[in-house]
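The values are calculated or read from the model by the stated rules, or taken from the named source; none is laboratory data. Because the structure is predicted, anything quoted here is derived from the model rather than measured. Backbone-built Cβ (ideal geometry, glycine too); neighbour counts: all protein chains shown.
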Amino acid sequence: MHPIVKQVTDRIIERSQASRAAYLAALKDAKSQGVHRSSLSCGNLAHGFAACNPDDKNALRQLNKANIGIITAYNDMLSAHQPYAEYPDIIKRACHEIGSVAQVAGGVPAMCDGVTQGQPGMELSLLSREVIAMATAVGLSHNMFDGGLLLGICDKIVPGLLMGALSFGHLPMLFVPAGPMKSGIPNKEKARIRQLFAQGEIDRSALLEAESQSYHSAGTCTFYGTANSNQLMLEMMGLQLPGSSFVNPDQPLRLALTEMAAKQVCRLTENSGQYTPIGEVVCEKSIVNGIVALLATGGSTNLTMHIVAAARAAGIIVNWDDFSELSDAVPLIARVYPNGHADINHFHAAGGMAYLIKELLDAGLVHEDVYTVAGFGLTRYTKEPRLIDGELTWVEGPSVSLDPEVLTSVNAPFQANGGLKLLKGNLGRAVIKVSAVQPEHRLVEAPAVVIDDQNKLQALFEQGLLDKDCVVVVKGQGPKANGMPELHKLTPILGILQDRGFKVALLTDGRMSGASGKVPAAIHLTPEALDGGMIAKINDGDVIRVDANTGELTILLSQAELDAREALTVDLSHSRVGMGRELFSALRANLSSPETGARATSAIDEQMNY
């Protein structure tokens, strides 16, 4: 193993010793002898299979066949999840073929950040992760199930499903992806058209036409944002079948992989002889594997919260120091938009997950000795699925990249370190995604332009007040303030200013998601303004230093002057009511900091001694 990867892993294991032991003890207590529904009374069981067809009802009555619970995030507005409409029937047929049964255990909400960007609904996005985790637990709480299949792909949905599933960590579970849409308009062209619109050089109809050519069919959006980062992370952690993440929805191979996922989870149940619960698949080493893969590919900054939250759900304590130290040791070997011009289909064609995992294994950057849903050992994931004469099989993946401009090697990386950096100083701690930021833009020292709403930046831009070196500070955007919405409206304007030759950066206690691009963005600043963070004391004109090279985040004022300043209040009244936001006030108020996962689970932490 690479010494830094081993060092960080050992530190996480030591730090998590008590909480992980408590979690595993809870798994042991939840494990049963025989199928789980055998503990139900006759009345309980009768309710559980009342609506089944006669064959399934008889099978469930006999207490000798596995029953698989399906948790689905299906809706047909969300393009990535629209293919899930047919999955329950596919899964049920596949389970029947090997003598098992499947039932839809429950549904979870699935909102699209692409639809809600810049809208009030975006303020429910991060909060929806907690709702999804709870809804997953409700669906599985009937104790009818011996295993689970999790149908979800996008931003907060996968982390929520994973957190909920880990509360039933004694059950084997697989994630079942649906795949990305095929490539549309090139991402570089899409970004260019967005900037033209921001400058008033094209109208809304031209912009809408370009966006429609980019997001054009069923499947996951093809840029490397949070949704595809989720898929890469899940496969790297052994929670999906090898090579299943990036097969397009309409391919016969996609159907075969879905059928195999249904059969595989049955093989991993308690009475199968290959019992592999999800709570043991997710361990300290698999968490490190997921982080390393994200760093090596320039993945979404959202995962700096979601991995932390999911790890905590399994009794594992990870922090941003772990991310930062790993990032210094892990080279960047993928370039996928916004960290390059290729999309996720190009990544898949260039060698995809099989090549990536082989390269990281050979370099000692990830742990091989982990349990996965495909069996023990990550080497299984260096193979690719193929349909040969109608039969699904796995063959050796490529040992060299098929497109070195998209995927390269550890020995000839795009840059020597990973895509994320920890920033710290007298303003607090933040993360920055540097994989798409050119070296000459990684240090910005300039006066602050302070706003408390991303929508206010457009007016300043149109008035010419941003035609200068500046650090745009957007405060009052943290989890407790307004649910931490993604601030995508800032991206085109900041990109234009940078193209005009100005030194610009962003500083916020909010987030930018996987779309963080060429402008240096210090995000997830902790503590947030509403928690007494120093960001609340920044005034227009204060000089801010954002240095992604050294990891410095500083306001160039003395500590005495900072201490003497009053925190500027943030008017959050417009974020409290409307679009359902009033329903989430209790949840919002109890969210933790981004570095601890922005989680609403403090009571659980106390019970589990986390």
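Could you please find all residues in region 414-430 being closer than 18 Å to GLY298 by Cβ and assigned to a strand (DSSP E or B)?
GLN415, LEU420, LYS421, LEU422, LEU423, ALA430
Could you list, in sequence order, all residues of region 349-361 that are surrounded by fewer than 22 Cβ atoms within 10 Å (Cβ to Cβ) and more than 18 Å from GLY238 (Cβ to Cβ)?
Taking region 349-361 and keeping what is surrounded by fewer than 22 Cβ atoms within 10 Å (Cβ to Cβ), we get 349, 358, 361.
Once the filter is applied, which keeps residues that are surrounded by fewer than 22 Cβ atoms within 10 Å (Cβ to Cβ) and more than 18 Å from GLY238 (Cβ to Cβ), region 349-361 yields only ALA349.
Do we have THR276 as at pLDDT 95 or above, touching a Phe, Trp or Tyr at 6+ places or on another chain (Cβ under 9 Å), in a helix (DSSP H, G or I) and farther than 25 Å from ALA342 by Cβ here?
Numbers: at pLDDT 95 or above: yes; touching a Phe, Trp or Tyr at 6+ places or on another chain (Cβ under 9 Å): yes; in a helix (DSSP H, G or I): no; farther than 25 Å from ALA342 by Cβ: yes.
For THR276, the condition - at pLDDT 95 or above, touching a Phe, Trp or Tyr at 6+ places or on another chain (Cβ under 9 Å), in a helix (DSSP H, G or I) and farther than 25 Å from ALA342 by Cβ - is not met.
Given the criteria of a type in the set (Lys, Arg) and either assigned to a loop (DSSP other than H, G, I, E, B) or touching a strand residue (DSSP E or B) at 6+ places or on another chain (Cβ under 6 Å) (or both), does ARG380 qualify? Talk me through it step by step, then tell me what you get.
Values: of a type in the set (Lys, Arg): yes; either assigned to a loop (DSSP other than H, G, I, E, B) or touching a strand residue (DSSP E or B) at 6+ places or on another chain (Cβ under 6 Å) (or both): no.
Judged against the criteria, ARG380 is not a match.
Among the candidates GLY315, GLY340, GLY364, GLY299, single out the residue that is in a loop (DSSP other than H, G, I, E, B), more than 20 Å from the chain's Cα centre (by Cα) and either surrounded by 24 or more Cβ atoms within 10 Å (Cβ to Cβ) or on the phi > 0 side of the Ramachandran plot (or both). Before the answer, list the steps.
Details: GLY315 fails: more than 20 Å from the chain's Cα centre (by Cα); GLY340 fails: more than 20 Å from the chain's Cα centre (by Cα); GLY299 fails: more than 20 Å from the chain's Cα centre (by Cα).
Just a single option satisfies the conditions, and that option is GLY364.
Answer with yes or no whether ARG545 is touching an Asp or Glu at 6+ places or on another chain (Cβ under 9 Å), basic (Lys, Arg) and either without any contact (Cβ under 8 Å) to a residue 12 or more places away in the chain or under 19 Å from MET305 (Cβ atoms) (or both).
When the stated conditions are applied, ARG545 does not pass them.
Just to check your reading of the model, which residue among ILE523, ILE544, ILE496 is aliphatic (A, V, I, L, M), under 27 Å from LYS421 (Cβ atoms) and not in a strand (DSSP E or B)?
On the way: ILE523 fails: not in a strand (DSSP E or B); ILE544 fails: not in a strand (DSSP E or B).
The unique qualifying residue is ILE496.
Does region 489-502 contain any residue that is in contact (Cβ under 8 Å) with a residue 60 or more places away in the chain, in contact with a strand residue (DSSP E or B) (Cβ under 7 Å, 6 or more places away or on another chain) and either of a type in the set (Lys, Arg) or farther than 16 Å from PHE197 by Cα (or both)?
So far as region 489-502 goes, no, none of its residues is in contact (Cβ under 8 Å) with a residue 60 or more places away in the chain, in contact with a strand residue (DSSP E or B) (Cβ under 7 Å, 6 or more places away or on another chain) and either of a type in the set (Lys, Arg) or farther than 16 Å from PHE197 by Cα (or both).
Which one of the conditions (1) surrounded by fewer than 22 Cβ atoms within 10 Å (Cβ to Cβ); (2) within 17 Å of SER575 (Cα to Cα); (3) in contact (Cβ under 8 Å) with a residue 60 or more places away in the chain; (4) in contact with a helix residue (DSSP H, G or I) (Cβ under 8 Å, 6 or more places away or on another chain) does ILE451 fail to meet, given that it meets all the rest?
Result: ILE451 passes all but (3).
Looking at region 525-540, I want the residues that are over 17 Å from LEU556 (Cβ atoms) and touching a residue at least 60 places away in the same chain (Cβ under 8 Å) and have a partner that is assigned to a helix (DSSP H, G or I) and small (Gly, Ala, Ser) with Cβ atoms under 6 Å, at least 6 apart or on another chain. Which pairs are those?
Close Cβ pairs satisfying both conditions: ALA536/ALA529.
Can you tell me which of (1) at pLDDT below 95; (2) crowded, with 20+ Cβ neighbours inside 10 Å; (3) acidic (Asp, Glu) is the one GLU284 doesn't meet?
Failing condition for GLU284: (1).
Quick one: in region 547-559, of everything that is within 20 Å of LEU420 (Cβ to Cβ) and of a type in the set (Val, Ile, Thr), which residue is modelled with the highest pLDDT? Let's see the steps before the verdict.
Step one: filter region 547-559 for residues within 20 Å of LEU420 (Cβ to Cβ), giving 547-554.
Add one more test, that the residue is of a type in the set (Val, Ile, Thr), and what stays is 550, 554.
Values: THR550: 94, THR554: 97.
Checked region 547-559; the qualifying residue modelled with the highest pLDDT is THR554.
Just to verify a result, which residue in region 571-598, among those that are surrounded by fewer than 19 Cβ atoms within 10 Å (Cβ to Cβ) and outside any helix (DSSP H, G or I), is nearest to the chain's Cα centre (by Cα)?
ASN590
Pick from region 2-50 the residues that are outside any helix (DSSP H, G or I) and at pLDDT below 95: which of them is nearest to HIS142 (Cα to Cα)?
Going residue by residue through region 2-50, those that are outside any helix (DSSP H, G or I) are 2, 16, 31-35, 40-41, 50.
Pick out the ones that are also at pLDDT below 95 and you get 31-35, 40-41, 50.
Numbers: LYS31: 15, SER32: 14, GLN33: 17, GLY34: 16, VAL35: 13, LEU40: 9, SER41: 12, ALA50: 14 Å.
Top of the filtered list is LEU40.
Under 6 Å between Cβ atoms, at least 6 apart or on separate chains: pull out the pairs that start in region 372-399 with a residue that is in contact (Cβ under 8 Å) with a residue 40 or more places away in the chain and among the charged types (D, E, K, R) and end on any residue that is surrounded by 15 or more Cβ atoms within 10 Å (Cβ to Cβ) and outside any strand (DSSP E or B).
The qualifying pairs are ARG380/PRO242; ARG380/ALA374; LYS383/PRO242; LYS383/GLY397; GLU384/GLY243; GLU384/ALA354; GLU384/GLY397.
Contact list please: Cβ distance under 9 Å, first residue in region 169-190 and in contact (Cβ under 8 Å) with a residue 60 or more places away in the chain and within 18 Å of ALA349 (Cβ to Cβ), second residue basic (Lys, Arg) and surrounded by fewer than 20 Cβ atoms within 10 Å (Cβ to Cβ), pairs at least six apart or on different chains.
Filtered contacts from region 169-190: PRO177/ARG254; GLY179/ARG254.
How about region 132-247: which helices (runs of 4 or more DSSP H) wholly inside it have at least 2 residues that are β-branched (Val, Ile, Thr) and buried (at least 24 other Cβ atoms within 10 Å of the Cβ)?
Values: elements: 157-166, 187-198, 204-214, 226-236.
Ranges flagged: 157-166.
Would you check if GLY483 is within 24 Å of GLY114 (Cβ to Cβ), crowded, with 17+ Cβ neighbours inside 10 Å, of a type outside the set (Asp, Glu) and under 21 Å from the mean Cα position of the chain (by Cα)? Can you show your working first?
Numbers: within 24 Å of GLY114 (Cβ to Cβ): yes; crowded, with 17+ Cβ neighbours inside 10 Å: yes; of a type outside the set (Asp, Glu): yes; under 21 Å from the mean Cα position of the chain (by Cα): yes.
In short, yes.
Looking at VAL519, VAL474, can you tell me which residue is crowded, with 20+ Cβ neighbours inside 10 Å and touching an Asp or Glu at 6+ places or on another chain (Cβ under 9 Å)?
Details: VAL519 fails: touching an Asp or Glu at 6+ places or on another chain (Cβ under 9 Å).
Matching residue, one of VAL519, VAL474: VAL474.
Would you check if there is a residue in region 61-79 being part of a helix (DSSP H, G or I), touching a residue at least 24 places away in the same chain (Cβ under 8 Å) and either out of contact with any Ser or Thr (no Cβ under 6 Å at 6 or more places or on another chain) or of a type in the set (Ser, Thr, Tyr) (or both)? Reasoning before the result, please.
Just the residues of region 61-79 that are part of a helix (DSSP H, G or I), to begin with: 61-62.
Checking the rest, the ones that are also touching a residue at least 24 places away in the same chain (Cβ under 8 Å) come to none.
No, every residue in region 61-79 fails to be part of a helix (DSSP H, G or I), touching a residue at least 24 places away in the same chain (Cβ under 8 Å) and either out of contact with any Ser or Thr (no Cβ under 6 Å at 6 or more places or on another chain) or of a type in the set (Ser, Thr, Tyr) (or both).
Checking ILE71 against (1) at pLDDT 95 or above; (2) under 24 Å from the mean Cα position of the chain (by Cα); (3) surrounded by fewer than 21 Cβ atoms within 10 Å (Cβ to Cβ); (4) aliphatic (A, V, I, L, M): exactly one of these is not met. Which one?
Status for ILE71: all satisfied but (3).
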